[in-house]
Amino acid sequence: MSIVIVSSLSYAGGEEIAEKAASRLGYKCIAGEVLEDASRTSGIQPEKVRKAVFEAPGLLGGMSLAARKRVIAHLQAAICSYLVDDNVLYHGPLGHLLVKGVTHVLTVRILASKEDRAARKMKEEGCDRREAEKAISREDKHRLSIARELFKADDDKTDPFNLVIDTSETETDAAVNAIAETVSQDRYKPMTYSIQCMKDIELSSRVRASLIELDPDIAVDAKKGDVRVRTKVSGRAKEKRLQEIRRRTEGLDGVSEVEIEAVADLADQLGRRRR
Amino acid sequence: MEEKKYEGLEVLVLDDEPIVGKSLKMALGKLGLLVEVFVDPALAMKRIDEKTFDVVVTDVVMGDIDGIQVLERVMQRSPRTKVIIITAFAMMEMARKAMERGAFDFIAKPFDAAEIRAIVSKAIDAQKESEGNA
């Protein structure tokens, strides 16, 4: 069976639609548990994981970019661990950015007008309109910046989505019907090619999460168990890094071969020359 | 034991690379299947018009006639036939198009003999099940 990924703008009513669609389809609905899983595997407190994903960093203090990348890497691995299964509806951040090439996934964007989103936030949280609008703008800006910086994607665009639902124009039941009808089309049927794509993405994400502490920009590409790792490292640290990558990856479930490419860390070399 | 499980069932294999057809004939022959191999899509289309196969395994990119056209012809002639698309150029839209037009499965090259045997077995089992239910 297929997978549905619902990416909703905040306060656009996505949660209710996602839950009802999962129930209608008989799919397992996955949402907040990915944050808990990412917290457990990264050793970062759940509140910090939530902040890294949903809140824009403040001018002073807050989480470093490297720590944020670490959180996101663990979150990616957590999301993918659910998406390799059948009959799953995931509602939450990043999911739609992770499933490139996977044809049995229906990606849905839920949006609403700024006014309606602000009204929903005011009702749920008892804040005034100005406060609600400001918070929504901040959240949108942060969501766009995560997509741009970590996934090189423009999350403002709706064309990468298979289905776009505007809740200012569409009732909840009609939105649920649209999701259920679309995902039952033959074009979203699982096939060997797309199931393998999803398995490769899951393995890449899991291996990357296990290595992210070593290099926040480490790149991992897995194909049918063959894993390629690309890391920036120079000088005396190189041998130690390569050994550590081997140690961490070779026992991982699903990994058959590991190939490591070490590229010179020019910033590090320059820093050492200056010193 | 999978050996000769599907004795006598017929498969048409179409790929413009002769080595692919040869390998598939060997791999599928182990299931007892009778395999006809084609490298020329026009000749394969002619054969599809003459005869009903249980399974068709076809490449997508082959010059003048592509695998989607082959799939459409098979579906028109014999909707019970299971069509498996194999390709070295797996692309999302092509894969979705193939599934929309009735393909049973879509797989990316390279694959090994055990994988293609498993997929063809699944196709034949699905065919038997749907015919049993009819």
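No lab work stands behind these numbers, since they all come straight from the coordinates. Fair warning: this is a prediction, and the values are worked out from it, not measured in the lab. Neighbour counts run over all protein chains shown; Cβ positions are idealised from the backbone, glycine included.
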* Asked: Taking only Cα atoms, what is the 0 to 90° angle, nearest 10, from helix A:33-42's long axis to the longest principal axis of chain A?
  -> 10 degrees
* **Compactness of the stretch A:214-274 - radius of gyration and Dmax, Cα, Å** => 12.8, 44
* Over chain A, what number does the Rg to Rh ratio reach, with both radii from the alpha-carbon atoms and Rh per Kirkwood? -> 1.00
* Relative to the compact-globule scaling 2.2 N^0.38 Å, provide the ratio for the alpha-carbon radius of gyration of the stretch A:73-153. => 1.32
* Structure fact -> D (µm²/s, integer) via Stokes-Einstein for the stretch A:129-275, Kirkwood Rh across alpha-carbon pairs, 37 °C, 0.692 mPa s: value 169 µm²/s
* Between A:Val220, A:Ser23, A:Gly254, whose Cα lies farthest towards the positive end of the dipole of the protein assembly as shown when Lys and Arg beta carbons carry +1 and Asp and Glu beta carbons carry -1, centred on the Cα centre? -> A:Val220
* Mind computing the radius of gyration and Dmax over the alpha-carbon atoms of the stretch A:15-87? Å is fine for both. => 14.3, 46
* Build a GNM of chain A with springs between Cα atoms under 10 Å: which of A:Leu252, A:Leu211, A:Leu163 gets the top mean-square fluctuation? -> A:Leu252
* To do: Rounded to the nearest 500, what is the 222 nm mean residue ellipticity of chain A from helices alone, with -39500 (n - 2.57) per DSSP H run of 4+ residues and division by all residues?
  => -16500 deg cm²/dmol
* Structure fact -> Inter-chain shielding metric for A:181-191, i.e. average beta-carbon neighbours from other chains within 10 angstrom, reads 4
* Taking a threshold of 29 Å on the Cα-Cα distance, which of the pairs A:Lys20/B:Lys109; A:Lys20/A:Lys51; B:Lys22/B:Lys46; B:Lys30/B:Lys97; A:Lys20/A:Lys123; A:Lys28/B:Lys5 fall above it? -> A:Lys20/B:Lys109; B:Lys30/B:Lys97; A:Lys28/B:Lys5
* Electrostatic dipole magnitude of chain A [Cβ: Lys, Arg +1; Asp, Glu -1; Cα centre; debye, to 20] -> 1500 debye
* With θ set to phi - 60° and the Karplus curve 6.51 cos²θ - 1.76 cosθ + 1.60, what are the ³J(HN,Hα) couplings of the stretch A:199-207 in order, to the nearest whole Hz, using x for Gly and Pro? -> 5, 5, 5, 5, 5, 4, 5, 5, 5
* Structure fact -> PRE zone check, label point 7 Å out along Cα-to-Cβ of B:Lys4, amide N under 18 Å, scope the stretch B:21-46, hits B:26-35
* Kirkwood hydrodynamic radius of the stretch A:171-215, Cα pairs, Å -> 13.3 Å
* To do: Give, as ranges by residue number, the residues of the stretch A:90-123 whose backbone N falls under 12 Å from the point 7 Å along Cα→Cβ of A:Gln185.
  => A:106-107
